[in-house]
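Asker: For reference, the structure I am asking about is given below.
The values are calculated or read from the model by the stated rules, or taken from the named source; none is laboratory data. The structure presented is a predicted model; accordingly, all values stated were derived computationally and were not measured. In this analysis, Cβ positions are derived from the backbone assuming ideal geometry, glycine residues included, and neighbour counts consider all displayed protein chains.
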Amino acid sequence: MARTRKITAYEMILNGGLVNFRRAVRHAARYGTACTALRDELGRLPTLQEYWEFEGLSRAQAFREQQAWQRCVGKELTVLDVVSEDALAAKGFSEEQREDAIAAWLAKPS
């Protein structure tokens, strides 16, 4: 059973404000791009560190993106918590791979 949680743009803006919302959405979109680009090379979903390296983000940029995401959706939810199983399946990833990636994200300190 997928553990996705729906969150609306309205909720994200209400929680984090418009600037953080824009950063959070950019973060999610970039992560999706990295998933597609790194799928064959990694054979799994990229970690946050791999995503940051792929996108060429500095440590400060990566921190701001992650902070914006957390302000909009909370610290308990990762990008993968709100992406549907169908959306990941369309990119060639299984629910098990998503769960493994979420576990790796949550195991790493923010």
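Asker: Just the residues that are modelled with pLDDT under 90 and farther than 20 Å from Ala90 by Cα, please, taken from the range 15-56.
Answerer: Within the range 15-56, Leu48, Gln49 qualify.
Asker: Quick check on this structure: which one of Asp81, Asp100 is over 12 Å from the mean Cα position of the chain (by Cα) and in a helix (DSSP H, G or I)?
Answerer: Step by step, each of Asp81, Asp100 is checked, and only Asp100 is over 12 Å from the mean Cα position of the chain (by Cα) and in a helix (DSSP H, G or I).
Asker: So, one more: Among the residues of the range 18-45, which ones are in a helix (DSSP H, G or I) and touching a Cys at 6+ places or on another chain (Cβ under 8 Å)?
Answerer: Asn20, Phe21, Ala24
Yes/no per residue for (1) surrounded by 18 or more Cβ atoms within 10 Å (Cβ to Cβ); (2) more than 21 Å from Thr8 (Cβ to Cβ); (3) in contact (Cβ under 8 Å) with a residue 24 or more places away in the chain; (4) of a type in the set (Gly, Ala, Ser):
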site	(1), (2), (3), (4)
Arg59	no, yes, no, no
Ala68	yes, no, yes, yes
Asp81	yes, no, yes, no
Lys91	no, yes, yes, no
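Asker: Can you name the residue in the range 12-23 that is in contact (Cβ under 8 Å) with a residue 12 or more places away in the chain and under 9 Å from Cys72 (Cα atoms) and, of all such residues, is surrounded by the fewest Cβ atoms within 10 Å (Cβ to Cβ)?
Answerer: The residue in question is Gly17.
Asker: Then there is this: Test Arg64 against the criterion of being touching a residue at least 24 places away in the same chain (Cβ under 8 Å), outside any helix (DSSP H, G or I) and of a type outside the set (A, V, I, L, M, F, W, C), and give yes or no.
Answerer: No.
Asker: Sticking with this one: If you check Glu50 against the conditions, is it acidic (Asp, Glu) and either part of a loop (DSSP other than H, G, I, E, B) or surrounded by fewer than 18 Cβ atoms within 10 Å (Cβ to Cβ) (or both)?
Answerer: Answer is yes for this residue.
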